């Protein structure tokens, strides 16, 4: 698995001769700071990102643990990293996406990569999310956060940090729960299913049992601990552990619900800085994570029929090691690293009541699939007069095997990118990027078997390669800031779901995705700021799938935008009024389950008031006028509720009017 790691020691010996971090060219990514302070509606990171970053859309799965798209790309087409740890979920139906395993109250900063411009992370095909959680401090600091909202939403979170010159410690914990939210028509999650069944009686078995129709939507508990030890002035050992425990999470338009979803993330990191004037930093990190996720029909009427209550119990674990070496060679900033990881993924079908396998023998949804990756990467940055240039490259070697006798696969890929900014003057710049990256199929796309024994995965899939160009303009001065970005993405062997196939439903196709994003702020006065953002994207298959005619790519949300008016007053208190809106979603892949969605607009308002320097209260309302709308479509690569052979897939509405309050104490 880690067959190239020894090369790092050779590289260190050959080149050896404050931790050094390469400065980011901001135009190629979007960074959100003070996430825990600003995202107070819930602990769901997907909601915070989709309302703050124009390129991100949210995929609503439940009241919590929602997923994201970056420029219409999701799943393994985008990467997620938490403090250098690559995170994966266990559910084949995306009930526990990677970003659900870290909560907003634990996060300090999030960087969103747009495009194939991150060579440090395995699988950054079309974008990625880099999450930086809170760090332990030397001084004693603490925070208590209390939240309450509509539908009996309750949250309590606490963080304590402190230490001395040698050891710094941090402990952060939270508890969150909620009843089922109601959409703009007043329907709970269970009632949305009932309304679908009223129009599609063949789906009657998907309804919640009477005794479960009013159950809570979820409970979620989390603990994050960190210890940083200064071995010497230049050397530091960093230890961290995060535990997440979610119970009884309801997924309205899916056929199953999560009985629980438990994850653990461990990391040990050693950092040495300023080895020489040239060799600025060496960082070695080992991480391990696991997820335990049984999803079941036990709350649904379908479990009353033979063979009864069925469970697909999935587990995954991810371990990896990464070595990064940073150098300052005259005016060149060089990063050289090695990356190795192993992911195991396994799933079993069984009857929840008896514990016995479904059918005459053991039936596995994913049979002990193992993905092993080894890579070497480098990044170089240099300023040439008015030009800032960044170039990177990564070589990957990946092997994927399984325990079910299906085809094993080996992949190799060389990716590279170059990104340049031209500083017209201090206030204006142009930028241009060209990148190429690949990602391998995951075990679901290769090997997934449905509960009736059909092999849904396609074992001989090719890896997907994205060749992309990004370009834009950015301006900043005392009056306003403005950034507009365009992109054109050419996807070779893009992995796509063909609903018309009886088995081996994932296929390789060629496709194009293009679009633009805008973000701007206008500083009207010292107290009043207007913020706005918008995004547009289109995706087209080069050719329609076999047996189909539709060339539209799924998951390509239409033109969306927001505009917010902010008024800042005494002690950094802030009042905000915001409009979020979307055009009609009419460019859809109807052959694979998508449907036309109406345009929508909602009004949100929030007041964050500092009672004193240690106490802050937030009061807000989302969707003030109680609109009924949906933000994501019904592409059938997810297993959603559908009545018989009809193409009418159940759509999940967003929450209606949501009133919330949050009280924060600091010391």
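Where a number appears in this text, it was derived from the coordinates with a stated rule and is not lab data. Keep in mind that what you see is a predicted model, and the values were worked out from it rather than measured. Positions of Cβ are backbone-derived with ideal geometry, glycine not excepted, and every protein chain shown enters the neighbour counts.
What's the Cα-based Rg to Rh of the range 400-520, Rh via Kirkwood?
Values: Rg = 20.5 Å, Rh = 17.3 Å.
Rg/Rh: 1.18.
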Exercise for the section: Based on other C-beta atoms within 10 Å, arrange 585, 345 from fewest to most. Expected result: 585, 345
Handout entry: Normalised contact order of the range 141-285, rounded percent, pairs of Cα under 8 Å and 6 or more residues apart
Key = 17
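Cut-off is 10 Å between beta-carbons; in what order do 598, 280, 213, 426 appear when sorted fewest neighbours first? Display every interim value, and only then the final one.
Numbers: 598 12, 280 22, 213 16, 426 8.
Final ranking by Cβ density, sparse to dense: 426, 598, 213, 280.
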Exercise for the section: Can you tell me how much longer the chain between residue 167 and residue 477 gets when fully stretched, taken as 0.36 nm per residue apart minus their C-alpha distance, in nm with one decimal? Expected result: 107.4 nm
Problem - Simple label model, 7 Å out from Cα along Cβ direction - residue 612 to residue 160, nm - result: 2.1
Problem - Mean projected area in nm² (Cα convex hull; one quarter of hull surface) for the range 237-367 - result: 11.2
Handout entry: Label point at residue 469 placed 7 Å out along Cα→Cβ; residues across the range 406-431 whose backbone nitrogen lies under 18 Å
Key = 416-422, 430-431
Fill in the blank from the handout: Mean separation of Cα contacts under 8 Å (at least 6 apart) over the residue count of the range 536-667, i.e. the relative contact order in percent, is 20
Exercise for the section: Note the direction-averaged projected area, equal to a quarter of the hull surface, for the Cα convex hull of the range 145-262, in nm². Expected result: 9.9
Practice task
Return the distance in nm (one decimal) between the two label points of a simple spin-label model at residue 202 and residue 146, each offset 7 Å from Cα along Cα→Cβ.
Solution key: 5.3
Problem - Paired Rg and Dmax values of the range 517-642, which use every Cα atom, in angstrom - result: 19.9, 65
Exercise for the section: With only alpha-carbon atoms counted, please give the Rg and Dmax of the range 88-166, in Å. Expected result: 17.0, 47
Problem - Cβ crowding within 10 Å averaged over residues, with 571-580, 84-93 ranked highest first - result: 84-93, 571-580
Completion exercise
If 500, 346, 292, 165 are placed from fewest to most neighbouring beta carbons inside 10 Å, the sequence is 165, 500, 292, 346
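Report the relative contact order of the range 206-298, percent, no decimals, based on alpha-carbon pairs under 8 angstrom and at least 6 residues apart. Spell out each step's value before the answer.
Working: 183 pairs, mean separation 22.4, N = 93.
RCO, the range 206-298: 24 percent.
For the chain, report the translational diffusion coefficient in µm²/s to the nearest whole number, using Stokes-Einstein at 37 °C, 0.692 mPa s, and a Kirkwood Rh over Cα pairs. Can you show the working numbers first?
Details: Rh = 25.9 Å.
Result for D is 127 µm²/s.
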